[in-house]
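Take a look at the structure set out below.
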Number of protein chains: 2
Amino acid sequence: MTIHTVSDRPLRADAERNRVRILAAARELFAARGLDVSLDDVAAQAGVGVGTVYRRFADKDALIEALFEARIAEVAGEARKALEADDPWAGFVAFMSRSCALQAADRGLKEALTTRGRGRERVAQARETIAPLAIQLMRRAQASGQLRADLGPFDVPLMQLMLGSVADATREVAPEYFERLLTIVLDGLAVRREAPTPLPGTALDPEQFAAAMTRRRC
Amino acid sequence: MTIHTVSDRPLRADAERNRVRILAAARELFAARGLDVSLDDVAAQAGVGVGTVYRRFADKDALIEALFEARIAEVAGEARKALEADDPWAGFVAFMSRSCALQAADRGLKEALTTRGRGRERVAQARETIAPLAIQLMRRAQASGQLRADLGPFDVPLMQLMLGSVADATREVAPEYFERLLTIVLDGLAVRREAPTPLPGTALDPEQFAAAMTRRRC
DNA sequence: CCTAAACGGAGGCGAGGTCTCAAGTTCCAT
DNA sequence: ATGGAACTTGAGACCTCGCCTCCGTTTAGG
């Protein structure tokens, strides 16, 4: 039951090769099917026995943490980059857009960001570094008179939750669909605008719609 | 294993009393905790043995159908009522608002509307009567020049899914919160508007926010 | 070539649900 | 009042499904 965390001495060559395979398999499966995939599935995808997975990672949470801590830091990075934009509104829009895109591309990331339970500790902590940055982005855009002033700090994460759920439903069928609804939301957030911003992409066709609604689990 | 559907001859007095109790208990539990509550829980809440539940309803799906067919028809009713409004935009807004409110008040209804699997057949069918009505509402509001013209037919149900997920997260903590985000979305849908519509209600406070994010399951 | 390290995957375990059944109880038509 | 059909019960059979362990076997590499 000895788990070799980082600095324990280099792994044997085959062990290291398998560790990498496991991580890759987990990344792929979590992205496509969410954090609920079983470790048996991950092991199978990695071409390895379950036992091998448990030799490397104490339990499922440890594996999730190993994968998503960095991934969530990436979202935080997007926020910091957005704070450097010259135009506060453009920065805010960029952050909303990028963070939704990341969620649309990776179901596991979406779940790590919006639900508790799975992938505890470090991920939760990392996630909480995003909040202050998002709030700062919001305040800046409000101060410049471009973002509606009555928006509160906690409205932002809920908008992300909301758009994330659309991204979730349409990910497999039309991965960029969420941008349409994001455009609508942003138009609703702008203080002043003449005509509606044209919706990007195309609406779903009947089959895509049916597929999006059918494939949902939760 | 004989299941007495409607016209089988009146139930015995005690049996009828229990049937009503079961339905009431199921309604309450589904509304509060979603369609995943176990029938054991429903039976307990009804003050009845599980066996009694299975005497009345072939299986869980039958119970769900019995409850939600009517409930979904109610949503369709709101759509029809909205079609009679003089102002097309007002009608569209009313429908969006009412249907979100119903979803916010009843988690089971939200699940019946937005996911497949549980509560199959008749519910799915009933749901599909809503779509054409929603589309009609949309077309009418577009024709009057008040709703953005580039909205497609299937954008509407996805907006409902999206707002429903917020309603879901905040239901227990601030049941009317979703109206804020609905207001934003509607502002984004309007062709012309001067200032942003003031957001109704209040933003979440930190505890409410934490609770909303923590309690999520899916 | 020898040994510590790593591997595999059947299966133990527990949670959590659906549904059944045999034994006891209640209603109500006669 | 009474006989018997209808009804009730809830323990538990049974299933699914995921996490994780265990130990006989294989393998890297000094």
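Read-outs: derived from the displayed coordinates by stated rules, not from any lab. Note that the structure is predicted; figures quoted are calculated from it, not measured. Glycine gets a Cβ as well: all are built from the backbone with ideal geometry, and neighbour counts include every protein chain shown.
Using the empirical formula 2.2 N^0.38 Å as the baseline, the Cα radius of gyration of the protein assembly as shown reaches a ratio of 1.08.
Averaged over the residues of peptide A:186-194, the number of Cβ atoms from other protein chains lying within 10 Å of each residue's Cβ is 5. Filter chain B for me: DSSP H helices, axial length by Cα at least 20 angstrom, mean Kyte-Doolittle hydropathy not below -0.5. List them by residue number. Those that clear 20 Å and a mean of -0.5 are B:13-33, B:60-83, B:88-105, B:121-143, B:155-170.
This ranking places A:184, B:130 by how few other beta-carbon atoms lie within 10 Å of each, fewest first, which gives B:130, A:184. Sequentially through region A:198-203, phi angles give Karplus couplings (6.51, -1.76, 1.60; θ = phi - 60°) of x, 6, x, x, 10, 5 Hz, Gly and Pro residues having no value and appearing as x. Just to confirm my numbers, what's the Cα centroid distance between region A:66-124 and region A:167-218 in Å? Measuring centre to centre over Cα atoms gives 19 Å. Packing around the peptides B:174-181, B:75-82, taken as the average count of other Cβ atoms within 10 Å per residue, puts them in this order, highest first: B:174-181, B:75-82. For region B:2-99, the Kirkwood estimate of the hydrodynamic radius, built from every pair of different alpha carbons, is 15.3 Å. In a shell of Cβ-Cβ distance under 9 Å around residue B:203, excluding residue B:203 itself, what net charge do Lys and Arg (+1) and Asp and Glu (-1) give? Once positives and negatives cancel, what remains is -2. Per-residue ellipticity at 222 nm from helix content only, as computed over chain B with -39500 (n - 2.57) for each DSSP H run of at least four residues, stands at -22000 deg cm²/dmol.
Given the options B:83, B:158, B:147, identify the residue whose Cα lies farthest towards the positive end of the charge dipole of region B:67-218 (+1 on Cβ of Lys, Arg; -1 on Cβ of Asp, Glu). About the Cα centre, the residue reaching furthest to the positive side is B:158. Magnitude of the charge dipole for region B:1-150, about its Cα centre and with charges confined to Cβ atoms of Lys, Arg (+1) and Asp, Glu (-1), is about 140 debye. Remark: label point of residue A:11 defined 7 Å out from Cα along the Cα-Cβ vector; separations to the same position in other copies 5.9 nm, ascending. Computed from point charges on the beta carbon alone (+1 for Lys and Arg, -1 for Asp and Glu), the dipole magnitude for region A:46-118 about its Cα centre is near 380 Debye. Temperature 20 °C, viscosity 1.002 mPa s: under these conditions the Stokes-Einstein estimate for region B:92-140, based on its Kirkwood radius over C-alpha pairs, is 184 µm² per second. Past the 27 angstrom mark, what percentage of all C-alpha to C-alpha distances in chain A do you count? Percentage above 27 Å: 41. Counting only residues at least eight positions apart within a chain, or on another chain, the lysines with an alpha carbon under 26 Å from that of residue A:60 are A:110. Around the Cα centre of the protein assembly as shown, unit charges on the Cβ atoms of Lys, Arg, Asp and Glu (plus for the first two, minus for the last two) sum to a dipole of about 740 debye. Potential lengthening of the chain between residue A:131 and residue A:9 amounts to 40.2 nm, from the contour at 0.36 nm per residue minus the alpha-carbon distance. Rounded to the nearest angstrom and listed largest first, the equivalent-ellipsoid semi-axes of region B:135-218 from its Cα gyration tensor are 29, 16, 8.
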